[in-house]
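Notes to accompany the following structure.
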Amino acid sequence: MAFVSHNLPLPHALSGARREHRGRAGRLSYYVAGPDAAPPLLLVHSINAAASAYEVKPVYEALAATRRVYAPDLPGFGFSDRSARDYTIRLYVDAVHDMLDVIAAEHGEAAIDVLAVSLASEFVARAATETPARFASLALVTPTGFSSAAPLHAGAPESSREVPGMLAIVSVPLWSRALFDVLTSKASIRYFLQRTYGSKAVDEAMVEYDYLSTHQPGAHHAPLAFLSARLFARDIRNIYEQLKLPVWVPHATRGDFKNFSGADWARARANWTFEPMPTGAMPHFEQSEAFLGAYQRFLGTGTSAARATNAAPSAGTSTARP
């Protein structure tokens, strides 16, 4: 096998300042931009083999004109701590709480708007059930936990869907890094992005950044936990059902992550709004203008009541989604 460098130069994923915070989740790197006094907005990228804050770039760059935007590299990714430690659901929920602490230190304890992508939706939703007063609204972009095959109320609180023994097998030092190198070649990254997009027209700049980000010291540790399914919660429907604030769910109608057949219970709740988009799992990249317009409308109309009352969900009709 040809030599593969695991220490490539890694540029910043986003504009603005890159800062670091040490809290519950260890050393956490995050980007911040926008007017100091503008309302804060937290953007949280997904978890996968090649994740980073780059995944929220279109939203971050556009809304930095009017919002104070924060976007962390979650533990094990980007410039955050990538050490060989225990990557768990709790670690990622704690990272969300750490970012809320960072924002509160600058803006006070007022409730804020939060956007999360895919699996990160589960971590953000759990954090919102633990400290609801800190959240004004949630935007969950193609979130996990809504397919017909997803577990409903199974499992103890914070229990995971980990495949027994898989993490131990894929983490054997003799082959763990080599396995990860195969998964994160440019050809593999492009292939998995095409499945995510449901199209060959993927963001090539993302392919390039993903390759650099996955070729860093310790880059394989967190993704191997993801591959074992230990970061997917068995009790996620219980968590979603507890949410009382406005929740906007733009999601895919194309690609590997378009199955939302298990979402009828949430569609029936007045605080949940499902919005189908003719894209893959990352509509904010494929149709940035339409996505941002819809998000701005949600922020303008969907959060004022929540900030005032954080009212409990009631029966109602959300935007239809196939």
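The values are calculated or read from the model by the stated rules, or taken from the named source; none is laboratory data. If you're wondering where the values come from, they're calculated on a predicted model, not measured in any experiment. Positions of Cβ are backbone-derived with ideal geometry, glycine not excepted, and every protein chain shown enters the neighbour counts. Each accessible area value is taken on the protein alone, full model and side chains, heavy atoms only, with ligands, DNA and RNA left out. Shrake-Rupley method; radii C 1.70, N 1.55, O 1.52, S 1.80 Å.
Spatial offset of the stretch 85-123 relative to the stretch 194-244 amounts to 16 Å, using the alpha carbon center of each. Sorting the segments 212-225, 118-131, 158-171 by their mean number of nearby beta carbons within 10 angstrom, highest to lowest, gives 118-131, 212-225, 158-171. How large, in percent, is the carbon and sulfur part of the accessible surface of the chain at a probe radius of 1.4 Å? Accessible surface attributable to carbon and sulfur in the chain totals 58 percent.
How much of the DSSP beta bridge set in the chain is antiparallel, as a percent to the nearest 5? For the chain, the DSSP antiparallel bridge percentage is about 40. What the Cα atoms of the chain give is an Rg and a Dmax of 18.5, 60 Å. Solvent-accessible area per residue in the chain equals 39 Å², computed with a 1.4 angstrom probe and all protein chains kept.
By the gyration tensor of its Cα atoms, with a ≥ b ≥ c the square roots of the eigenvalues, what is the shape of the stretch 184-281: rounded for a/c under 1.5, prolate for a/b over b/c, or oblate? It comes out oblate by the Cα gyration axes.
Toward the positive end of the charge dipole of the chain, with +1 on the Cβ of Lys and Arg and -1 on the Cβ of Asp and Glu, the farthest Cα among S261, A49, A139 is that of S261.
Remark: the Cα gyration tensor places the stretch 116-268 in the prolate category, a/c being 1.5 or greater and a/b exceeding b/c.
Restricting the trypsin sites (Lys or Arg not before Pro) of the stretch 195-284 to loop positions (DSSP other than H, G, I, E, B) with no more than 14 neighbouring Cβ atoms within 10 Å leaves K200.
Going highest first, how would you order 22-35, 135-148 by mean Cβ packing within 10 Å?
Numbers: 22-35: 18.6, 135-148: 23.9.
By packing density, highest mean first, the sequence is 135-148, 22-35.
Summing +1 for each Lys or Arg and -1 for each Asp or Glu among the other residues whose beta-carbon sits under 13 angstrom from that of V124 gives -3.
Annotation: lysines with alpha-carbon distance below 16 angstrom to K200 (same-chain offsets under eight excluded): K186.
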